[in-house]
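Worksheet: one structure, shown below.
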Amino acid sequence: MGSITLNKVSKVFGEANVIPSIDLEINNGEFVVFVGPSGCGKSTLLRLIAGLEDVSGGQIMIDGKDVTQAAPAARGLAMVFQSYALYPHMSVRKNIAFPLKMAKMDQSAIDKKVEAAAKVLNLTDYLERKPSQLSGGQRQRVAIGRAIVREPSAFLFDEPLSNLDAALRGTMRLEISDLHNQLKTTMIYVTHDQVEAMTMADKIVVLNRGNIEQVGSPLDLYKNPRNLFVAGFIGSPHMNFVDGAYAQSKNAKMAGIRPEHLGLSKDSGLWTGTVKVAEHLGADTFLHLDVDGIGPVTARAGGEFGAHHGDRVYLTPDESKLHRFDDKGLTIRA
Amino acid sequence: MATQNTKTLARAMMAPSVLLLLVWMIVPLAMTLWFSFQNYNLLDPTQTGFAGLFNYEFFYTDPAFFQSIWNTLVIVGGVLLITVVGGIAIALLLDQPIFGQGIVRILIISPFFVMPPVAALIWKNMIMHPGYGVLGDINRFFGFEPVDWFARYPLFSIVVIVAWQWLPFATLILLTALQSLDGEQKEAAEMDGANFLNRFIYLVLPHLARAITVVILIQTIFLLGVYAEILVTTNGGPGYASTNLAFLIYRTALLGYDVGGASAGGIIAVVLANIVAFFLMRAVGKNLDR
Ligand SMILES: Nc1ncnc2c1ncn2[C@@H]1O[C@H](COP(=O)(O)OP(=O)(O)OP(=O)(O)O)[C@@H](O)[C@H]1O
Ligand SMILES: [Mg+2]
């Protein structure tokens, strides 16, 4: 079990109202990702749920029980920290066993659980090592192992992969997703990595200045962003925003078109632009253009598109994928 | 090649200071060793020449000898115990966010700036004195007899005074170590269900091990030679109750004018210090390499 409900939760640090008021429903077994720009309160929200920070107002319920005032350990949650927070002077075995030892479980049961967790996480050969003798990925797995053995009702991850290199991040991403499929335990995952958010989440919560901008499945957020902020935040490279005459012709204050929804051509098109920078990745080509009468625009072509700095190219937005926003920044539904 | 050159250069540049330190250490040690085998008494200049082991025998058969060694160890052990335990406790308190933190910290550190004889005199006349001392006043207030600390518990009194002087040092070192403890580790332990005591035992104490070792080693070096505090308070008495090895040497050398005998005592003190250092390094030295 592991359903979590936030009821008008708020947090104030001194003068700063970091989280004004948040309502959120997390269902049992869901993989929820918190994304948002740096400083928007993702970590704070996670720490409020963990109990490491006291709420300034509102109510936190876990499995229907009010835990707003409960101590962190009493909430039955496990947290994986960005710095791993392993105990440096204990062996891997002792690190993983620590929560069980604190729960006064007997030694043979502890051994069995530690061995089992080590097997799942490929740590069996490293059980007697100290954390300082492990690689970043291995440390991360130990931190996850320490969380698993407690059989928590939900896992909390705060940017667990941000200290790893790109390749390892990819592997660990798969491992965590795999773990979620095996355990089917609720997971809350904080990240500012687009790919992590889009690939891992059942549900993405987009935060901005301590407010929830939108909650939904990754594709839902990609296709139907509720407002300018979500439209600009989800998707990489970012959506292009066009105002002025073109937007007005579409009856909007602002029009948005994703780089992948711009048709590129060397012969003809609606807009004409000069290539500033061309990024040839093989599988994709990203063109950063200066479009006449509109300004800077990014376009993506699948495969190789032979254009270089200074070339003139034509673009045609795919009108069916166009996003329109009103003067409050909200999406205009067709 | 470059590193080879740098190394050679570094050695050459360091040589003068190493040499100076070596001379600084070897010359007094050699002289002391030399004097310890000589008849050399300032009161009797006619008696000179090789004395064999007489000086050692003289010092060894001094009725205060074994007691002074015991007292030396008691002072070292007692002060270490008080300063390490007290230092950890105070450091834990100072690590909490409190009002006027800066001032409190400076106040805590201040005893370290008081010169040993001055500190001892303050304790002797203003705190422990049965007539004028604060402790005496407190006793009288509650209707008890004032205690004459230096007559009744001379060694204990010395330990208290020296511990008071060294407590700031221990606190300072331990506090800096405590502040370097990673906050996320504490939070992780909290989430793992460790209460304050468990966090202290499994997280804080192992983290402090190295700092505690440094405190013990440095203090031991200085505590083996405690002298000024004894001189201005008990003068080694009553009897030999508060005479340690350093004070016994002083007594032989300057009160007995016996340079030879005092030198023999000095060599014995060096041997004792090395024995203590040997056991210390075996006990806690492994904390230093990680
Ligand atoms: N202990 C604190 N005291 C005062 N302000 C704080 C404290 N912790 C966080 N804040 C403030 O709260 C805001 C949100 O911080 P938080 O750490 O939750 O951001 P975040 O979304 O996790 O950012 P990042 O992606 O950079 O980790 C920030 O403006 C930060 O300065
Ligand atoms: Mg954060």
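Going through the stretch A:155-187 one residue at a time, which ones are in a loop (DSSP other than H, G, I, E, B) and either in contact with a helix residue (DSSP H, G or I) (Cβ under 9 Å, 6 or more places away or on another chain) or without any contact (Cβ under 8 Å) to a residue 60 or more places away in the chain (or both)? Within the stretch A:155-187, A:GLU159, A:PRO160, A:LEU161, A:SER162, A:ASN163, A:LEU164, A:ASP165, A:THR185 qualify. Taking the criterion of being exposed (fewer than 13 other Cβ atoms within 10 Å of the Cβ), under 30 Å from B:VAL214 (Cα atoms) and of a type outside the set (Gly, Ala, Ser), would at least one residue in the stretch B:61-77 satisfy it? Yes, the conditions are met somewhere in the stretch B:61-77. Of the residues making up the stretch A:49-97, just one is more than 13 Å from chain B (Cβ to nearest Cβ), in a helix (DSSP H, G or I) and open to solvent by less than 10 Å² (accessible area, probe 1.4 Å), namely A:VAL92.
If I ask for residues that are over 19 Å from A:MET200 (Cα atoms) and open to solvent by 30 Å² or more (accessible area, probe 1.4 Å), which ones from the stretch A:139-166 would you list? Residues satisfying the conditions are A:ARG139, A:ARG150, A:GLU151. Selection of helices (runs of 4 or more DSSP H) fully inside the stretch B:172-290 by the criterion of at least 1 residues being of a type in the set (A, V, I, L, M, F, W, C) and within 30 Å of B:PHE54 (Cβ to Cβ) returns B:228-232, B:245-250, B:259-284. Checked against the criterion of being more than 14 Å from every other protein chain (Cβ to nearest Cβ), within 16 Å of ligand 2 (Cβ to nearest atom) and either open to solvent by 20 Å² or more (accessible area, probe 1.4 Å) or touching a helix residue (DSSP H, G or I) at 6+ places or on another chain (Cβ under 9 Å) (or both), the candidates A:PRO37, A:PRO20 yield just one match: A:PRO37. Among residues of the stretch B:181-204 being more than 7 Å from chain A (Cβ to nearest Cβ), open to solvent by less than 50 Å² (accessible area, probe 1.4 Å) and touching a Leu at 6+ places or on another chain (Cβ under 7 Å), the one that is nearest to B:LEU92 (Cα to Cα) is B:VAL204.
Being among the polar types (S, T, N, Q) and within 12 Å of ligand 1 (Cβ to nearest atom): is that true of A:ASN7 here?
Details: among the polar types (S, T, N, Q): yes; within 12 Å of ligand 1 (Cβ to nearest atom): no.
Spelling it out, it is not the case that A:ASN7 is among the polar types (S, T, N, Q) and within 12 Å of ligand 1 (Cβ to nearest atom).
Among the residues of the stretch A:3-17, is any open to solvent by 60 Å² or more (accessible area, probe 1.4 Å), within 14 Å of chain B (Cβ to nearest Cβ) and away from ligand 2 (no atom under 16 Å from the Cβ)? The answer is yes, given that some residue of the stretch A:3-17 is open to solvent by 60 Å² or more (accessible area, probe 1.4 Å), within 14 Å of chain B (Cβ to nearest Cβ) and away from ligand 2 (no atom under 16 Å from the Cβ).
A quick yes/no check of all residues on (1) within 16 Å of ligand 1 (Cβ to nearest atom); (2) within 14 Å of chain B (Cβ to nearest Cβ):
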| residue | (1), (2) |
| --- | --- |
| A:GLY145 | no, yes |
| A:ALA167 | no, no |
| A:GLU175 | no, no |
| A:LEU183 | no, no |
| A:ASP193 | yes, no |
| A:ASN211 | yes, no |
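Among the numbered conditions (1) surrounded by 19 or more Cβ atoms within 10 Å (Cβ to Cβ); (2) under 12 Å from the mean Cα position of the chain (by Cα), the only one that A:GLN194 does not meet is (1).
B:GLY236 meets the conditions (1) open to solvent by less than 30 Å² (accessible area, probe 1.4 Å); (2) modelled with pLDDT of 90 or more; (3) more than 14 Å from chain A (Cβ to nearest Cβ) in every case but one. The failed one is (2). Beta carbons closer than 8 Å, at least 6 apart along the sequence or on distinct chains, pair a first residue in the stretch A:22-40 that is farther than 16 Å from A:SER217 by Cα with a second that is polar (S, T, N, Q) and away from ligand 2 (no atom under 16 Å from the Cβ) for A:ILE22/A:SER10; A:ILE22/A:ASN211; A:ASP23/A:ASN7.
Please tell me if B:ILE212 is open to solvent by less than 50 Å² (accessible area, probe 1.4 Å) and at negative phi.
Numbers: open to solvent by less than 50 Å² (accessible area, probe 1.4 Å): yes; at negative phi: yes.
Taking the combined requirement at face value, the residue satisfies it.
Condition test on A:ASN240, is it surrounded by fewer than 19 Cβ atoms within 10 Å (Cβ to Cβ) and either within 15 Å of the chain's Cα centre (by Cα) or modelled with pLDDT of 90 or more (or both)? Here the answer is no, as A:ASN240 does not meet what is asked. Pairing each residue of the stretch B:175-188 that is of a type outside the set (A, V, I, L, M) with any residue that is open to solvent by 20 Å² or more (accessible area, probe 1.4 Å), provided the two are 6+ apart or on different chains, yields C-beta distances under 6 Å for B:GLU184/A:SER83; B:GLU187/A:LEU52.
The values are calculated or read from the model by the stated rules, or taken from the named source; none is laboratory data. Quick caveat: nothing in here was measured; it's all calculated off a predicted structure. Every residue, glycine as well, gets a Cβ built from its backbone with ideal geometry; the counts of neighbours run over all protein chains shown. Heads up: the accessible areas ignore ligands, DNA and RNA and are worked out on the full protein's heavy atoms, side chains in. Shrake-Rupley method; radii C 1.70, N 1.55, O 1.52, S 1.80 Å.
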